[in-house]
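**Q** Could you have a look at this structure, given as structure tokens, before my questions?
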Amino acid sequence: MPRFAANLTMLFNEVPFLERFALAKTGGFTAVEFLFPYAYDVQEIKSALDNNALKLVLHNLPAGDWDAGERGIACLPDRIEEFRSGVTKAIEYASVLGAPQLNCLAGKAPAGVDSKVLHDTLVGNLQYAASELKKAGLKLLIEPINTFDIPGFYLSKTERGIAILDAVGSDNAYLQYDIYHAQRMEGELANTIQKHLSRIAHIQLADNPGRNEPGTGEINYAYLFDLLDRLGYSGYIGCEYKPLKTTAAGLGWMGQYEQH
């Protein structure tokens, strides 16, 4: 059975962020992830992890002004210096918190900018980030995101993500495969996972439609979990979904899938 990590941006958000770690432990998780730690003192987060015996498996590079609707800056040619500063900050947090990998959101393609410029900017930024992360012993991830939830997102499909990784050419750069986003954009989940598993370092989940917990929608998670076991996937699966009700009330899905 795959190992699950609670995404503390999405789960247990009935309480403030630093209180979610204890709830994750109570809910049966031994690992967590979240989008961004930067609004909090790194030592406060480390204490929350340590006090609850939780492992941090992932967080993101800074992604611009999230509250204003930005969803990454890696493809933006006028934000390269900001991107590089963000890489430094992310490594500082990851090094203290013990995160082995950092996810980079490509961002929304701005109107009026040539597609080659966007591509070359993203590849160049990823090459820089991969090089800096490698010095710190970290993996760099990129994540395709569906364009229904985030219109205009630059990277939306698996094959394009693989092509970008090929262009980057770094041996510590991988794909983050979010099952929910992939289902919305392309389907073919099992075949895609099997084809590209060697390039995938982290997986996330939510059901579709609704982006709620597994078992609420159309995705056959029992089949996918069995497949991942057969393929020997050894990473974590981040639970990045919106609970239908409270987080605790919806956690029964983990026990159900352990029984299949």
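**Q** Subtract the Cα-Cα distance of A136 and M254 from 0.36 nm times their separation in residues, and report this length gain in nm to one decimal.
**A** Value of the extension gain: 39.1 nm.
**Q** What nm distance separates the two modelled labels at Y223 and A163, each placed 7 Å from Cα along Cα→Cβ?
**A** Between Y223 and A163, the label points sit 2.8 nm apart.
**Q** May I pose another question? So what are the ³J(HN,Hα) numbers for the stretch 243-254, from phi and the Karplus equation (6.51, -1.76, 1.60; θ = phi - 60°), rounded to whole Hz, Gly and Pro as x?
**A** Result, ordered by residue: x, 4, 10, 8, 4, 4, 5, x, 7, x, 4, 5 Hz.
**Q** Something else: Go through I45, I80, I91 and list them by solvent-accessible area, largest first, probe radius 1.4 Å.
**A** Descending order: I80, I91, I45.
**Q** With 21 Å as the limit, write out which pairs from K89/K134; K135/K157; K139/K242; K55/K108 have Cα-Cα distances beyond it, or answer none. Show your work: numbers first, answer last.
**A** On the way: K89/K134 15 Å; K135/K157 29 Å; K139/K242 27 Å; K55/K108 31 Å.
Table pairs above 21 Å Cα-Cα are K135/K157; K139/K242; K55/K108.
**Q** Turning to a different aspect of this structure: How would R79, R184 rank on accessible area, largest to smallest, probe 1.4 Å? Numbers along the way, then the final one.
**A** Working: R79 45, R184 85 Å².
Ranked list, largest accessible area first: R184, R79.
**Q** Once ligands and nucleic acids are excluded and a 1.4 Å probe is used, how much of K46 is accessible, expressed in Å² to the nearest 10?
**A** 70
**Q** Now for a separate question. Let me have the relative contact order for the stretch 204-260, percent, based on Cα pairs under 8 Å that are six or more residues apart.
**A** Values: 54 pairs, mean separation 23.3, N = 57.
Worked out over the stretch 204-260, it gives 41 percent.
**Q** When we measure straight from the Cα of K245, which lysines land under 21 angstrom away, once same-chain ones fewer than 8 places off are left out?
**A** Output for K245: K25.
**Q** To continue, here is another question. Once phi is turned into ³J(HN,Hα) by the Karplus curve 6.51 cos²θ - 1.76 cosθ + 1.60 with θ = phi - 60°, what whole-Hz value does each residue of the stretch 106-115 show in order, with x for glycine and proline?
**A** After applying 6.51 cos²θ - 1.76 cosθ + 1.60, I find 5, x, 8, 6, x, 5, x, 9, 4, 4 Hz.
**Q** Something else about it: Given a 1.4 Å probe, how much area per residue of the chain is accessible, in Å²?
**A** 43
**Q** With a 1.4 Å probe and all protein chains kept in place, how do E82, E33 rank by accessible area, largest first?
**A** Details: E82 85, E33 0 Å².
Descending order: E82, E33.
**Q** Between V117 and T26, with labels modelled 7 Å along Cα→Cβ, what's the label distance in nm to one decimal, could you check?
**A** 5.2
**Q** Still on this structure, please answer the following. Over the chain, what relative contact order in percent results from Cα pairs under 8 Å that are six or more residues apart?
**A** On the way: 475 pairs, mean separation 50.2, N = 260.
Once divided by the residue count of the chain, the mean separation gives 19 percent.
**Q** Report, to the nearest whole %, how much of the accessible area of the chain belongs to carbon and sulfur atoms, 1.4 Å probe, protein only.
**A** Answer for the chain is 49 percent, counting heavy atoms of protein chains only.
**Q** Given 37 °C and 0.692 mPa s, compute D for the chain with the Stokes-Einstein relation, Rh being the Kirkwood radius over Cα pairs; round to the nearest whole µm²/s.
**A** Values: Rh = 18.6 Å.
This corresponds to a translational diffusion coefficient of 177 µm²/s.
The values are calculated or read from the model by the stated rules, or taken from the named source; none is laboratory data. Note that the structure is a prediction, hence the values are computed from the model and not measured. So basically every Cβ, Gly included, is an ideal-geometry build from the backbone, and we count neighbours across all protein chains shown. These accessible areas exclude ligands, DNA and RNA; they are computed on the full protein's heavy atoms, side chains included. Shrake-Rupley method; radii C 1.70, N 1.55, O 1.52, S 1.80 Å.
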